[in-house]
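Heads up: the structure comes next, in structure tokens.
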């Protein structure tokens, strides 16, 4: 996996969360330029910091690296809501998804 992917994915997920590099850096307990230094390629997070970043972005490491999922947090929210539905409603939801696709 290329470092460039990590930088781009971090930016994509951060923007989906609608948070600035500055705010994310401070929320993670770092200097205001911490995330910017990762995105610019000057630094890479340690494994521990990467896990904190995933937690902050509300994604698992697997979701972070799955580029097919553009908004993992939104997908998780939908799955949580769908898990509370009955079979009939789930069938309707599947039909709606098929129609939208």
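A short reminder: the numbers here are calculations on the coordinates, not readings from a lab. The shown structure was predicted, so the numbers you read here are calculated from the model rather than taken from an experiment. Cβ placement follows ideal geometry from the backbone for every residue including glycine, while neighbour counts extend to all protein chains displayed.
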- Item | Length released on extending from residue 27 to residue 7, taking residue separation times 0.36 nm less the Cα-Cα span | 5.4 nm
- Query: What is the extension gain from residue 47 to residue 17, computed as 0.36 nm multiplied by their sequence separation minus the C-alpha to C-alpha distance, in nm to one decimal?
  - Reply: 8.7 nm
- Task: Please state, rounded to one decimal and in Å, the Kirkwood hydrodynamic radius that the chain gives when every pair of distinct Cα atoms enters the mean of 1/r.
- Result: 15.1 Å
- Query: Helix 3-16 versus the longest principal axis of the chain: what angle, 0 to 90°, nearest 10, using Cα atoms?
  - Reply: 60 degrees
- Item | Candidates 21, 49, 70, ranked by Gaussian network fluctuation over the chain, Cα under 10 Å, top entry | 49
- Item | Computed lengthening from residue 40 to residue 90, 0.36 nm per intervening residue step minus Cα-Cα distance | 13.7 nm
- Theoretical ellipticity at 222 nm over the chain - DSSP helices of four or more residues, -39500 (n - 2.57) apiece, nearest 500: -19500 deg cm²/dmol
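Give me 79, 35 sorted ascending by neighbouring Cβ count inside 10 Å, so fewest comes first.
Values: 79 9, 35 27.
Starting with the residue having the fewest Cβ neighbours, the order is 79, 35.
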